[in-house]
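Step one of this worksheet: look at the structure below.
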Amino acid sequence: MSEMLGTLVFYAVAFVILATALGVVTSKNLVHSALLMTACFIGVGVLFIWLSADFLGAMEFMLYSGGVAILVVMGVMLTKRQDGPPGNPFNHRKITALGLVILFVLVMSTVIVSTPVPSGSYVSADTVDALADMMLNKYILAFEIAATLLLAALVGAIILAKGDGEA
Amino acid sequence: MHSGILYSTAQALREILMSFVGIPIIVDIIMTVICATILLLIMATSALVFTLGERKICAFIQVRIGPNRVGPGGLLQSVADMIKLMDKEDIVPRGIDKWLWVLSPILLLVPSALIYAFFPFDDGVILADVNVGLFLLIAITSQTILPFLMGGYASNSKYSLIGGMRTVAQMLGYEVPMVFALMGIVMLTGSLKMSAIVEAQSNVWFIVLQPLAFFIYIVTALVESNRPPFNLVEGESEIIAGPFTEYTGMRWALFFLAEFSNLMCIGILTTTLFLGGWHGPDFLPGFAWFWIKTFICVLFYQWVGWTFPRLRIDTMLSFGWKVLLPIALVNVLLTGVGIYIYNIM
């Protein structure tokens with residue numbers, strides 16, 4: 001009974017993710033695309049929680065959805081110069097797109113096939129401790145370098161946006 | 001094991017259901033539906049009570065009488081208001097983005113209702129006591145930004161769009177210091193679980209150990225829930241009503257239902273995170289203490305709202321980034337040093 005419910009939840013969430021992802025690509029309106037992308041991210045987050053990776057799920061809600069809010073603001077500000085709905089920039093490079101899609105599928109399937117799947121093993125109930133231990137003990141150097149890089153990018157962005165003299 | 005009236009009532013109900021139905025998962029589903037219904041009722045009632053309370057308190061602070069015609073002492077004013085709102089014409093402006101415009105007030109209610117699942121009302125009385133409770137709660141609260149922006153964009157009105165942009169700027173900007181302020185609590189508790197956070201305050205409340213975080217939380221909570229003096233999103237004197245300028249009747253009421261639900265949420269969160277949750281002297285049950293503290297917090301937030309004038313958007317944003325965020329980071333540092341010293345002593 002509970003297994004059946006679990007499968008049902010999985011397929012419902014997977015359907016939402018695929019449908020919204022398709023909507024992101026096909027929508028003619030940039031803002032609609034960005035908002036559908038949020039729905040897609042929320043679906044992915046629910047999937048993470050369904051797989052008991054609750055920290056990753058919450059992260060997905062927080063960062064990606066918040067990021068999309070910024071994206072929508074950017075989309076509105078950059079595209080709404082004239083009246084009418086902001087358009088999605090479409091073009092006709094179909095062959096290039098097909099080539100890139102085939103390349104992407106090949107790379108992804110190679111990665112998926114070559115990754116060993118730890119099947120049926122123990123899953124920690126508390127993923128936060130393990131993640132914190134990894135980030136702040138084992139990989140502290142990489143973590144700090146990434147943090148410094150992001151800080152530099154942030155300061156750089158502010159200076160670029162404000163221009164000379166003002167900053 | 002857990003004690004307390006609410007927990008034992010739920011257990012008794014579960015046993016009665018178990019003897020009638022027999023299949024555990026169906027009993028689970030029925031219990032969840034019952035709990036969710038109670039939570040939604042609390043949310044809807046709070047909006048009804050708080051609208052009246054807000055007007056009465058506002059009147060008291062401004063030396064007026066406030067609503068006093070409908071019912072004894074104006075008690076039925078919010079009921080009359082609700083009937084009026086349902087009766088109003090549903091105006092759909094031309095040139096809007098129909099789907100986004102319709103969905104915005106509905107979607108706004110979803111996160112507001114969802115976070116009630118993470119509140120510990122009494123010992124063991126919490127719908128979803130997950131490991132990353134506090135973090136998930138903040139993540140879900142941050143979803144309220146997008147419906148505001150959706151409404152602001154879809155209304156195809158300048159005031160709405162400005163309001164939507166302000167929402168993004170102020171809510172995202174103040175979320176950062178809030179998360180860092182709450183980090184101090186998480187460091188002291190050593191867990192993100194809501195029940196563990198309340199449990200850790202059984203002797204000393206976190207308001208004593210984290211006064212700086214408490215101050216930052218009060219400010220950011222007012223911003224996140226769009227309460228005055230930080231309700232720049234809907235600043236009437238500048239941008240009419242922000243994202244809800246083009247909404248009428250019940251659609252407009254949904255925005256206000258969400259706002260009052262959020263007001264109660266920040267009251268509950270202040271109680272849970274800083275004021276010891278359901279802990280209190282034994283002569284009252286846990287949930288009574290919980291509600292007493294929550295209502296005191298809500299009163300406090302309303303008092304602050306009606307006392308201070310509204311800020312200007314640029315001063316407010318620079319206050320968030322240049323003052324609150326450094327204080328929050330210093331608080332994290334101080335907490336870390338404090339824990340280290342406490343451990344070696």
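With R₀ fixed at 45 Å, the C-beta to C-beta distance from A:Glu3 to B:Val63 puts the FRET efficiency at about 0.10. The modelled label-to-label distance for the pair A:Lys162/B:Ser202, using points 7 Å beyond Cα in the direction of Cβ, is 5.1 nm.
Working note: Cα gyration tensor of region B:175-232, eigenvalues times five, square-rooted, sorted largest first, giving semi-axes of 24, 11, 10 Å. If R0 equals 41 Å, the separation of the Cβ atoms of B:Glu15 and B:Lys84 corresponds to a calculated FRET efficiency of about 0.35. Here the Debye sum runs over all C-alpha atoms of region B:89-132 as equal scatterers in vacuum, and log10 of I(q)/I(0) at q = 0.13, 0.26, 0.31 Å⁻¹ comes out as -0.50, -0.94, -1.06.
Backbone phi angles across region B:190-206, fed through the Karplus curve with coefficients 6.51, -1.76 and 1.60 (θ = phi - 60°), yield HN-Hα couplings of x, 7, 9, 6, 5, 5, 5, 5, 5, 4, 5, 9, 5, 9, 10, 6, 6 Hz in residue order; Gly and Pro are listed as x.
Only helical DSSP H runs with n ≥ 4 go in: add -39500 (n - 2.57) per run for the protein assembly as shown, normalise by residue count and round the 222 nm mean residue ellipticity to 500 deg cm²/dmol. Don't skip to the end; give the middle numbers.
Details: 22 runs with 355 residues, N = 512.
For the protein assembly as shown, the value works out to -23000 deg cm²/dmol.
Annotation for A:Met108 and B:Leu41: the two label points, set 7 Å from Cα along the Cα-Cβ direction, are 4.7 nm apart.
One compactness figure for region B:118-167 is 1.68, namely its Cα radius of gyration divided by 2.2 N^0.38 Å.
May I ask for the Kirkwood hydrodynamic radius of the protein assembly as shown, worked out over all distinct Cα pairs and given in angstroms to one decimal? Could the numbers behind the result be given before it?
Details: mean 1/r = 0.0394 Å⁻¹.
It is 25.4 Å.
Per residue, the Cα convex hull of region B:77-172 amounts to 143 Å³.
Can you tell me the FRET efficiency between A:Leu18 and B:Asp129 if r is taken as the Cβ-Cβ distance and R0 is 41 Å, rounded to the nearest 0.05? Approximately 0.80, to the nearest 0.05.
Restricting things to Cα coordinates, could you compute the convex hull volume per residue of region A:126-167 in Å³?
Details: hull volume 3.0 nm³, N = 42.
Per residue, the Cα convex hull of region A:126-167 comes to 70 Å³.
Using the alpha carbons alone, the radius of gyration of region A:1-80 stands to its Kirkwood radius in an Rg to Rh ratio of 1.07.
Considering only B:Gly277, B:Gly66, B:Gly152, the mean-square fluctuation computed in a Gaussian network model of chain B, springs between alpha carbons under 10 angstrom, is largest for B:Gly66. Using only side-chain charges placed at the Cβ, +1 for Lys and Arg and -1 for Asp and Glu, the dipole size of the protein assembly as shown relative to its Cα centre rounds to 1280 debye. When the Cα atoms of chain B are aligned to their principal axes, the ranges along those axes come out at 62, 56, 42 Å in descending order.
Compute the normalised compactness of region B:169-327: alpha-carbon radius of gyration over 2.2 N^0.38 Å, N being the residue count.
On the way: Rg = 16.8 Å, N = 159, 2.2 N^0.38 = 15.1 Å.
My calculation over the Cα atoms of region B:169-327 gives 1.11.
Every number in this text was worked out from the coordinates using simple rules, so none of it is lab data. Model, not experiment: these values are computed from the prediction. Ideal geometry is used to build each Cβ from the backbone, glycine not excepted, and the neighbour counts take in all protein chains shown.
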